[in-house]
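The values are calculated or read from the model by the stated rules, or taken from the named source; none is laboratory data. Not measured: the values here are computed from a predicted model. Cβ placement follows ideal geometry from the backbone for every residue including glycine, while neighbour counts extend to all protein chains displayed. When the accessible area is computed, the model is the full protein with side chains, heavy atoms only, and any ligands, DNA or RNA have been set aside. Shrake-Rupley method; radii C 1.70, N 1.55, O 1.52, S 1.80 Å.
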Amino acid sequence: MRRSLLAYAFLLSFLTAVFLLQWAREWTLRWELWAVLLVGIVPCIVQRLRTPKWVLLGSLMGMAFACAAIARTALPAPAGHVSRIPDRSEVILAGTVTDEPDRRPTMTHYTLAVERIRIGSGATRAARGSVLVRDTQGWPRYGYGDRLRVTGTLRKPWAINEFRYDRYLELQGISALVTSAALEQPAVAGSAMGGGTMLLGALYALKEQFEKRIGQIQPEPHASFLAGLLTGSRRSIPKDVQEDFQVTGLTHILAISGYNVTIILALFGGLLFWLPLRARFLPSLAALLAFTLFTGASASVVRAAIMGALGLLALQTGRKAELRLMILWAAFPMLLWKPQYLWWDAGFQLSFLAVAGLVETGALLHPLTRFFPDALGIRESLAATLSAQLFTLPWILFLFHRVSLVAPLANLLVAPLIPIAMLLGFLSVALSAVSFPLGQAAGYGAWGVLELILRITHALASIPSASFSASLGLGSLVLLYGGMAVLVILSHPSRRHMQPGLWADSARGRL
């Protein structure tokens with residue numbers, strides 16, 4: 001009991017303090033705050049601890065860790081960092097491409113870890129930090145690990161209308177942009193390659209070949225849609241298709257996120273229906289690891305994998321108390337490293353809300369899906385989708401001020417088709433590596449399912465007032481989540497004297 005109270009007090013106070021201190025990042029460096037925390041923690045340690053003091057100790061420790069995390073982000077950039085260079089400076093940079101290139105129809109974005117810099121006609125000197133290089137030439141094509149020499153105008157990130165582009169780049173560790181860039185590889189022999197790691201380089205190359213093979217088998221927009229489902233790449237999806245998915249509340253299936261990975265794992269668990277419940281855990285976890293590595297293991301995908309693993313646990317066990325702690329513990333190292341996730345990253349926020357929905361309401365909503373078959377994980381994926389949407393919808397409305405009236409129906413109709421499309425799509429690519437005509441044959445089946453999904457989405461998006469703008473204030477948001485919390489508490493299995501091990505069975509519709 002004491003250990004659980006200490007953990008909850010520590011984690012909840014840490015999350016609360018990180019959230020509140022976003023408005024006082026520099027103030028957290030003041031010595032007075034650290035003194036107060038130290039004065040509070042020491043008596044709790046040296047005295048005989050009772051339950052209230054366990055809570056106090058955990059709370060003070062959580063606040064101390066939060067202050068340390070925020071203080072680290074408030075430290076000024078070191079000398080030689082690219083963030084210290086004045087805006088609109090003409091620069092020549094030398095560095096290494098450290099991430100998968102973001103290739104678009106009219107431009108390519110490269111993330112460059114800067115090693116040396118020259119400003120104007122000044123001398124070349126050592127530098128550090130990452131910049132986003134915008135290449136509009138398109139050729140030659142560079143890749144992960146290439147060493148480049150970049151000439152262009154360095155710009156500080158800026159906000160675009162209501163979109164905080166500067167915050168978006170900060171979340172990726174990018175301090176500046178280089179526009180009007182001219183790229184070339186160093187003239188010194190053997191210096192063009194050698195950066196990065198061989199594993200990531202091989203994974204990015206495999207992913208590029210996989211997406212290329214999808215484009216050979218499927219026409220557009222089916223190829224882009226399938227690539228979004230299997231690799232999370234949504235850059236080439238036509239704008240009108242993206243708008244249809246936004247109107248119908250189906251954008252969560254187009255990109256790799258904790259929301260989407262959790263549902264994917266539910267589908268994979270359904271494919272293993274012939275195994276005992278607990279025997280499905282390790283194969284599903286192995287599939288998650290393989291999927292994470294295949295998509296490049298970027299920071300966003302790793303975060304999604306962590307949340308997906310928690311969603312997997314939510315479907316495999318009924319020990320909810322431990323699952324709640326695991327969710328909080330998963331947030332702790334991520335926020336300790338980068339508190340900005342909690343402040344600005346909607347994907348991070350929605351990931352945790354989606355997994356919380358699975359943990360708290362997955363079993364409650366499962367009876368609503370009893371009319372759907374268990375095959376291919378259809379029932380599980382639908383229950384996962386509904387429970388995740390229940391917890392994420394208020395936050396989506398609060399952040400984006402838009403609500404889709406057809407989202408429940410759209411998910412009801414589309415969710416059962418997603419595992420079929422993914423399975424047939426993956427098989428078509430895998431078979432094409434052995435025999436291209438065989439892969440094309442399987443691709444016809446995948447095309448049919450993808451076409452059905454696109455037609456359903458477009459038909460629902462065409463309904464008048466299918467989506468409309470609406471505002472949800474902070475007070476209404478608190479009331480909504482407070483009401484959900486009350487309902488979850490009242491419907492908790494322990495209130496019905498359910499044994500812990502039976503919760504997972506009830507999630508499978510066996511009670």
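General remarks:
- The set of residues in segment 120-137 that are open to solvent by 60 Å² or more (accessible area, probe 1.4 Å), in contact with a Lys or Arg (Cβ under 9 Å, 6 or more places away or on another chain) and not hydroxyl-bearing (Ser, Thr, Tyr) comprises 125, 126.
- Annotation: residue 174 fulfils all but one of (1) farther than 30 Å from residue 401 by Cβ; (2) open to solvent by less than 30 Å² (accessible area, probe 1.4 Å); (3) of a type in the set (Val, Ile, Thr); the unmet one is (1).
- Residue, farthest from residue 90 (Cα to Cα), within segment 138-171, restricted to residues that are part of a strand (DSSP E or B) and open to solvent by 60 Å² or more (accessible area, probe 1.4 Å): 163
- Looking across segment 456-491, just one residue is under 26 Å from residue 418 (Cα atoms), of a type in the set (S, T, N, Q) and open to solvent by 80 Å² or more (accessible area, probe 1.4 Å), and that is 465.
- Test: residue in segment 302-322 that is in a helix (DSSP H, G or I), modelled with pLDDT of 75 or more and in contact with a Lys or Arg (Cβ under 6 Å, 6 or more places away or on another chain): no
- Scan of segment 79-95 for residues that are in a loop (DSSP other than H, G, I, E, B), open to solvent by 30 Å² or more (accessible area, probe 1.4 Å) and not charged (D, E, K, R), ordered by number: 79, 86
- Tally, over segment 423-447, of residues that are open to solvent by 30 Å² or more (accessible area, probe 1.4 Å) and either in contact with a strand residue (DSSP E or B) (Cβ under 8 Å, 6 or more places away or on another chain) or assigned to a helix (DSSP H, G or I) (or both): 16
- Out of 359, 403, sole residue that is modelled with pLDDT under 80 and touching a strand residue (DSSP E or B) at 6+ places or on another chain (Cβ under 9 Å): 403
- Considering 76, 105, the condition of being within 31 Å of the chain's Cα centre (by Cα), closer than 25 Å to residue 341 by Cβ and open to solvent by 60 Å² or more (accessible area, probe 1.4 Å) is satisfied by 76 alone.
- Restricting segment 174-190 to residues that are within 30 Å of the chain's Cα centre (by Cα) and modelled with pLDDT of 85 or more, the residue that is farthest from residue 345 (Cα to Cα): 178
- Counting only residues that are within 20 Å of residue 357 (Cα to Cα), open to solvent by 30 Å² or more (accessible area, probe 1.4 Å) and either in contact (Cβ under 8 Å) with a residue 40 or more places away in the chain or in contact with a Gly (Cβ under 7 Å, 6 or more places away or on another chain) (or both), segment 409-422 holds 1 of them.
- Meets criteria (in contact (Cβ under 8 Å) with a residue 40 or more places away in the chain and among the β-branched types (Val, Ile, Thr)) for residue 98: yes
- Matching residues in segment 212-235 - criterion: being more than 27 Å from residue 463 (Cβ to Cβ), in a loop (DSSP other than H, G, I, E, B) and open to solvent by 30 Å² or more (accessible area, probe 1.4 Å): 235
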